[in-house]
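First the structure, in the form of C-alpha cells, and then the observations on it.
Each value in this text was obtained by applying a stated rule to the coordinates, not by laboratory testing. Predicted, not measured: the structure shown is a model, and the values here were computed from it. Here the Cβ is made from the backbone with ideal geometry for all residues, glycine too, and neighbour counts use every protein chain on show.
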Amino acid sequence: DAIFAVFGAPVEHADHAERAAATALAMQAAVDALNRENAARGRPRFEMGIGLHTGEAVVGNIGSEQRTKYAVVGAAVNLAARVEGCTIGGQILVTAATVERLQDLAELAPPVSVELKGLAAPIALYELRGLAGRFAQRRPEPAGAEGVEVALPVSGSVVEDKRVRAEVFHGTARRLGLRALEAELDAALALLTNVRLRLIYPAPAGQSGDVYGKVTGTVTRGAARLTRIHLTSVDAADQAVLAGLVERAAAPANAPVVSNATEASP
C-alpha cells in the first residue's frame, strides 16, 4: 500500500530534489486523471499523499552471502515516511531540507509546524503546489473545497494508533464540502488528529455510518471557532448523502436538484 522512491542513487544526479518534486507532481496528475475516469464509471475516488525529504542515507547491497538486497536505510528514510504520514488527501509535503535544494523553483503553501515521532523539536512542512524550470507543472485547486453552510449534529472520537478512544466529543457541522467539513466542537483537537465521526442527517436519511477524517486546522467564522476536518474515508452511501446535501444547499432557491453522484475516499 505504499511506494518508496530514491533519487540520487544508484545514479548520482545533482538535481535529485527537483526530479523528486517533478515526479511527485506527475504522480498526482496521473491520480487526477484516474479519478476523472473513475467518476465517469461510477467508481470510488482514490487519494494518495506524498512526502519528500532530502538527506544522507546508507545505500547499497546489504546482507550476507545467503541473502543480499539493495536497500536504503537511515534517519532520512524514516523522516520521509513520517512526512508522508502527515499528508491529507492528495497533498505533497516537503521538508525544509528539500525546499533548500529546490530554491526558487518550487511554488509552496505557507509552512506548518508539526511534531513527529523520534524528533526532539517540531519541524516545518511545506505543501508543494507547483514547480518551475525544466519540469514545470502545477497542481489545480481541488474541486468542492469551499463547501456550503449546514447545521448537522456531529459526534466523534479520536483515533490513535488505529484504536478509537472511548471519550466522545459533540458539536455541530457548520460548513460541508465533498471532502471536508468545519464543525463547532466541545473539544479542542490538535492539528493532524485522526477522528471517527458520526453525523445526523436531515430526515429521512438518519445517522451516518463511520466517517473518518483528519484535523487540518481551525477557522473563525463570526463568533464561532470551527475545527476543519478533511474526510479521509467515507463509504459510498454516506458520500451520496453528503453530495446531495452540498448540491441542495448550493442550488438557487426554488431550483430543482437531481443528484445521483457517489464518491468515496479509501
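In table form, for the structure just shown:
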quantity	calculated
Residue-count net charge about Glu184 - beta-carbon cut-off 13 Å; Lys, Arg +1, Asp, Glu -1	+2
Estimated distance in nm for a label pair at Ile200 and Leu34, the labels positioned 7 Å out from Cα along Cα-to-Cβ	3.9
Distance from the stretch 80-137 to the stretch 9-57 (C-alpha centre basis), Å	13
Coil-residue GluC sites (Glu not before Pro) of the stretch 1-92, DSSP, other Cβ within 10 Å capped at 13	Glu12, Glu56, Glu65
The chain, relative contact order [Cα under 8 Å, separation at least 6], %	14
Range in the chain, longest, excluding exposed chymotrypsin sites (Phe, Trp or Tyr not before Pro) [loop by DSSP; at most 15 other beta-carbon atoms within 10 Å]	47-266
Most mobile of Gly209, Gly118, Gly49 in a GNM of the chain (Cα contacts under 10 Å)	Gly118
Shape of the chain, Cα gyration tensor, a/c cut at 1.5	prolate
Added length on full extension, which subtracts the Cα-Cα distance from 0.36 nm per residue, Val11 to Leu119	35.9 nm
Rounded if a/c under 1.5, otherwise prolate or oblate - the stretch 148-250, Cα gyration tensor axes	oblate
Shape call, the stretch 96-205: gyration tensor on alpha carbons, a/c limit 1.5	oblate
Inter-part distance where the stretch 235-251 and the stretch 151-173 are each reduced to a Cα centre, Å	21
Loop-located trypsin sites (Lys or Arg not before Pro) in the stretch 64-168, at most 11 other Cβ atoms within 10 Å (DSSP)	Arg67, Lys117, Lys162
Aspartates and glutamates with Cα under 16 Å of Lys117, excluding same-chain neighbours fewer than 8 positions away	Glu84, Glu160, Asp161
